[in-house]
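The values are calculated or read from the model by the stated rules, or taken from the named source; none is laboratory data. Not measured: the values here are computed from a predicted model. Using ideal geometry, Cβ is built from the backbone for each residue, glycine included, and neighbour counts are taken over all protein chains shown. Calculation scope for accessible area: heavy atoms of the full protein, side chains included, ligands and nucleic acids excluded. Shrake-Rupley method; radii C 1.70, N 1.55, O 1.52, S 1.80 Å.
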Amino acid sequence: MSETPLVLRVAVPSPLHTLFDYLPAPDTDPGTYRPGVRLRVPFGRGRRVGVLVARVEGAQVDPSRLRAVEAVLDDAPLLDEPLLELGRWAAAYYLAPPGEVLAQLLPPSLRDGAAQSGRDRAFYRLSDEGRGVAGVPGARALRQQAVWQVLARADAALSQDQLLTRLEGFDAPALRNALRALMARGWVSRCEAPVSGVSGVKDVGGGYATGPELNPAQSEAVEALVSALGVYAPFLLEGVTGSGKTEVYLRAIAGTLGAGRQALVLVPEIALTPQLVARFEARFGARVVLLHSGMADGARLESWRRAREGRASVVIGTRSAVFAPLAAPGLIVVDEEHDPSYKQQEGFRYHARDVAIWRARQLGIPVVLGSATPSLETLRRVGQGSYRRLALPRRATGASLPRIEVLDIRRRPMKGGLSDVLVERARAHLLAGGQVLFFLNRRGYAPALLCHACGWAASCTACDAHMTVHRALRRLRCHHCGAERPLPARCPACGGELMHAGEGTEQIEDALRGLFPEFTIERIDRDTTRRRGALEERLESVRSGRAHILVGTQMLAKGHDFPDMSLVGVIDADQGLFSSDFRASERLAQLLVQVAGRAGRGARPGEVLIQTHCPEHPLLHTLVTQGYDAFARQLLTERERAGLPPYGALALLRAEAKEGALAEALLNEAAHAAAAAPGVSVLGPVPAPMARRAGRERRQLLLQAAERAPLRQALRHALAVIEASPDARRVRWSVDVDPVEMF
Ligand code: ADP
Ligand code: ZN
Ligand code: ZN
C-alpha cells in the first residue's frame with residue numbers, strides 16, 4: 001500500500017452539490033482511470049453510474065472510509081477534456097450538482113451504464129413468453145423475479161451493466177446466474193444491439209445543391225463569419241423575418257465544412273421547424289445528424305457518436321445539443337436566439353445560448369446568434385461592442401414587410417373574441433385568395449368558467465388557478481398541474497347558469513367555423529398536435545393551400561413559411577401588457593413581430609391587425625410605429641433604471657412544500673446566509689406569483705446584484721446553509737441563475 005493512495009473524484013447523479021470520492025476497484029490498473037470514463041459506483045444502498053472527473057492523490061476524507069469503484073465502464077474517456085471543463089464551468093456558474101450536469105452531457109442511453117462500443121454487446125429482454133407470465137414463481141427464485149421485473153418495466157433491451165444499476169443487492173455473478181436461469185425457462189432472450197433502426201440519422205444523399213445568389217447584406221454576413229473561422233468571435237445576425245438568415249447559416253457552414261471543421265446548429269424546437277431541417281439536409285445530405293429529446297435513445301446515441309467521431313459534419317439539435325461532442329468544432333449557430341425554450345426550466349437550469357457563447361470562447365471558434373427580435377441580453381452585448389452585429393434589413397425575396405395596424409376594440413361588437421373589423425378584413429383577404437392566420441397564445445375553449453348567478457368560478461383544487469374549459473372534450477383542465485374533471489352543466493354551488501369567461505384557440509376556431517363555413521380551418525396548438533405527425537400534417541395542409549384559415553398559439557411564431565398568408569390577426573395583445581413578470585413585454589414584442597412575420601412572405605402584400613383595449617400603451621405604440629429596435633432600446637433604458645438584467649444579475653431560489661411555513665423557513669435561513677455577502681440585495685422570501693401549485697405551497701427568494709461574483713458568493717453561502725438544514729429534505733428546492741421566468 002502506497003503512502004498516498006489514488007483517489008477518484010466522481011460526478012455521481014444526485015441532488016448534492018458535490019463530487020464523490022472513491023478508491024479504484026481492487027486489482028485494477030490505475031491507468032484505466034482516465035478522466036471522462038464512466039464508473040459504476042456503490043451509492044447509498046444502491047449503485048449509480050458516474051463520470052470520473054479528476055484523480056487526486058489522497059482525499060480530504062480518510063481513505064479507509066472510502067468505498068471502491070465497482071467497474072470501469074469505458075476503455076477510453078467518453079467526454080474529452082474540453083467537455084469536462086465545460087461541465088465544470090456550467091456546474092459552477094449555475095450552482096448545479098456536478099453529477100446532474102455531467103449526466104446531461106451524455107446521451108440518455110449512456111447515462112445508466114450501457115456500453116458505448118465494443119465491449120458488452122449483449123442485451124437482454126423478455127421473450128413473448130416471458131412477457132406473458134405474471135412473474136417468476138417460487139420463493140427460491142427471488143433474484144430471477146427481480147430481474148424479470150426490471151426487464152418487464154424497461155422499454156428496451158438492457159445490458160448487464162444497465163441491469164446492475166437497476167438492481168439492488170446483486171453482483172455480476174448473481175446477475176449472470178439469474179439471467180441464465182431465465183433464459184433456460186425461455187422467458188428472457190439475448191440480443192446483440194439494443195435497437196434495430198437509427199431513424200434519427202438522416203441519410204438522404206443530396207450533395208451540395210447550391211442556394212440562391214446572395215444579396216449584398218447576406219454576402220457581407222457570410223464573409224464576416226467565414227473570415228472569423230478559427231478564432232472566438234461572437235456575432236448577432238439580426239435579420240427581419242424572411243431576410244435570408246438561414247441562407248447565411250448554410251453558406252457559413254459550407255465554408256466551415258470546406259475548412260474541414262464541423263458546425264453545431266441549435267434550434268428552439270425541431271418538431272416545429274421541419275422545413276429548416278429539410279433545407280439543411282438538401283444542402284449537406286448525409287453529413288447532417290439530428291440530436292434532440294424526441295428521438296429514440298438508440299438513434300440519439302448514434303448521432304452523438306457520429307458527431308464525436310467526426311462522421312457527422314453538421315449537428316442540428318435543440319437546447320441539450322449545446323453539449324454535443326465535436327471532433328473538429330468550427331462554428332456554432334444559435335437560431336432564434338431570443339427563444340425562451342433555450343432555457344431549461346427544471347433540474348440543471350442552463351441557458352443553451354449562454355452555454356454556446358462560453359463554449360465558442362473555450363474552443364476558439366465563431367458563434368452566430370440569429371434573430372429578427374434579439375433578446376435584450378444580446379442587444380446589450382452588441383451595444384457594449386462585445387458582439388458584432390450583422391444586419392439583414394430587408395426580405396430576401398424582395399417581398400416587403402407587412403403593414404402593422406393596432407385595432408382599438410374598445411366598445412366594438414365582438415363575437416367569440418373577434419371584432420367586426422377583423423372579421424371583415426379576414427373575409428376580404430380570403431375572398432381575394434389569401435390565407436389568414438389568427439394568433440392567440442391560450443389554448444382550450446375558455447380560460448375560466450363562472451356562474452352567472454352567484455359568481456362561483458371553477459378553480460383547481462391543487463393550484464391557485466382557474467380551470468380551463470375544453471368544450472369538445474367536455475372537461476375542465478388545469479394547465480398548471482394537469483388535473484381534470486368533467487365539465488359541470490350547472491353551477492355546483494347554486495345550480496345557476498354557467499358562462500365562459502375569455503377565449504382560447506378552441507373557441508376562436510368555433511367562431512370562425514360559424515363565420516366562414518366555406519373555408520377550411522386548421523388549429524395548431526398543443527391540444528391538436530399531440531399525435532405524432534399531426535403537426536406536420538396540419539402545417540402541410542396550410543402550406544399546400546388546402547386550408548385557408550389557421551388558428552393557433554405561439555407554435556405558429558416559429559419561422560414557418562406560408563407564402564400565401566396575407567393577413568395575421570392578433571386576437572389579444574393585452575395579456576402580455578399587464579404581467580407581473582418584467583420580461584413579459586419583451587416576450588410579447590418578440591411574439592408579435594415573429595407572428596406578424598408570417599404575413600406577406602410571398603407575392604401577396606401582408607397585413608397585420610392587433611386587437612387591443614389599450615391602443616395607447618407606450619410599448620405597443622413604439623413597437624408598431626417605430627419597430628422592434630426602438631422598442632428594445634426603450635425597454636433597455638427601463639431595465640437599466642431598475643437594475644434588472646441585462647443590467648445586473650439575478651438568481652432565484654425556489655422552495656415548495658406541503659406546508660408553506662416549511663418552505664418559508666428554509667428560504668429564511670438561505671436569506672440570512674446570502675445577506676452576508678456584500679453587494680447583494682436579498683428580496684423575500686415571498687409567495688411565488690402562483691402561490692400554490694399541484695398541492696404545494698411555493699415561496700421564492702430573489703437575489704439581485706450589480707456584479708456576478710458577489711451573486712455567486714451569496715448563492716454559495718445560501719446553498720451551504722440549505723444543504724445542511726434538516727428541513728431541506730421535506731422541501732423541494734432549486735436554484736435558478738439568470739431566471740427567465742419569475743415563477
Ligand atoms: P429567414 O431565415 O431570415 O427567415 P430564409 O433564409 O428562410 O429567411 O429566407 C426566406 C426566403 O427567402 C426563403 O424562401 C429563401 O429561399 C429565400 N431567399 C433567401 N436568400 C435569398 C436570396 N439571396 N435570393 C432570393 N431568395 C432568397
Ligand atoms: Zn352559482
Ligand atoms: Zn392545478
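Can you check how the C-alpha radius of gyration of segment 677-719 compares to 2.2 N^0.38 Å, as a plain ratio?
Ratio of Rg to 2.2 N^0.38 Å for segment 677-719: 1.38.
Working with all protein chains in place, sort LYS415, LYS558 by solvent-accessible area computed with a 1.4 Å probe, largest first.
LYS415, LYS558
In debye to the nearest 20, how big a dipole does segment 123-191 give about its Cα centre with +1 on each Lys and Arg Cβ and -1 on each Asp and Glu Cβ?
Computed about the Cα centre, the dipole is about 160 debye.
Count the net charge of all other residues whose Cβ sits under 15 Å from the Cβ of ASP510, scoring Lys and Arg as +1 and Asp and Glu as -1.
So the surrounding residues net to +1.
Specify the angular offset, from 0 to 90 degrees and rounded to the nearest 10, of the alpha carbon long axis of helix 420-431 from the longest principal axis of the alpha carbons in the chain.
With rounding to tens, the tilt is 80 degrees.
Per Stokes-Einstein, at 4 °C and 1.567 mPa s, what whole-number D in µm² s⁻¹ belongs to segment 379-442, with the Kirkwood radius over Cα pairs as the hydrodynamic radius?
In µm²/s, the coefficient rounds to 82.
Rounded to the nearest 20 Debye, what is the dipole magnitude of segment 244-284 about its Cα centre when Lys and Arg each give +1 and Asp and Glu each give -1 at the C-beta?
160 debye
Over what distance in Å are the Cα centres of segment 60-106 and segment 438-460 separated?
48 Å
Any idea what Rg and Dmax come out to for segment 649-737 if you just take the C-alpha atoms, in Å?
12.1, 36
Restricting things to alpha carbons, find the Rg to Rh ratio for segment 605-699 using the Kirkwood radius for Rh.
1.17
Which percentage, to the nearest 5, of the DSSP beta bridges contained in segment 198-392 is antiparallel?
5 percent
With a 4.7 Å Cβ cut-off, tell me which Cys residues in the chain come up empty for a partner.
CYS191, CYS481, CYS614 - these cysteines have no disulfide-compatible partner (Cβ-Cβ under 4.7 Å) in the chain.
So what's the gap between the Cα centers of segment 628-662 and segment 334-386, to the nearest angstrom?
17 Å
Based on DSSP H runs of at least 4 residues, each adding -39500 (n - 2.57), what is the mean residue ellipticity at 222 nm of the chain after dividing by all its residues, to the nearest 500 deg cm²/dmol?
After summing the helix terms and dividing by the residues of the chain, the value is -9500 deg cm²/dmol.
Hey, got the Cα dimensions of segment 198-392 along the principal axes, in Å, largest first?
44, 43, 29
Based on alpha-carbon atoms only, what is the radius of gyration of segment 123-191 relative to the globular estimate 2.2 N^0.38 Å?
0.96
Per-residue HN-Hα couplings for segment 382-391, Karplus 6.51 cos²θ - 1.76 cosθ + 1.60 at θ = phi - 60°, whole Hz, x for Gly and Pro?
For segment 382-391, the Karplus-derived couplings read 4, x, 7, x, 8, 10, 9, 8, 10, 10 Hz, x marking Gly and Pro.
In whole angstrom, note down how far apart the Cα centers of segment 687-715 and segment 288-330 are.
Segment 687-715 and segment 288-330 have Cα centres separated by 34 Å.
In square nanometres, what is one fourth of the surface area of the convex hull spanned by the alpha carbons of segment 6-111?
Value for segment 6-111: 6.5 nm².
Along the charge dipole of the chain, Cβ charges K/R +1 and D/E -1, which of GLY242, GLY496, VAL551 sits furthest on the positive end?
Value: GLY496.
Hey, if we sort LEU515, LEU126 by accessible area with the 1.4 Å probe, largest down, what's the order?
LEU515, LEU126
Per 10 Å bin, what is the whole-percent P(r) computed from every C-alpha pair distance within the chain?
Result, from short to long distances: 3, 12, 20, 24, 22, 13, 5, 1, 0 percent.
Less than 17 Å apart at the alpha-carbon level, and either on another chain or at least 8 residues along: which aspartates and glutamates does that give for LYS415?
GLU424, GLU503, GLU506, GLU509, ASP510, ASP572
Mind checking the angle between helix 216-227 and the chain's longest principal axis? C-alpha axes, 0 to 90 degrees, to the nearest 10.
With rounding to tens, the tilt is 10 degrees.
Using a simple spin-label model with points 7 Å from Cα along the Cα→Cβ vector, what separation in nm is obtained for ALA457 and SER544?
Once both label points are built, they end up 4.4 nm from each other.
I'd like the antiparallel share, as a percent to the nearest 5, of DSSP beta bridges with both residues in the chain.
Restricted to the chain, the bridges split so that about 55 percent are antiparallel.
Normalising by the residue count of the chain, find the relative contact order in percent from Cα pairs under 8 Å and 6+ residues apart.
10 percent
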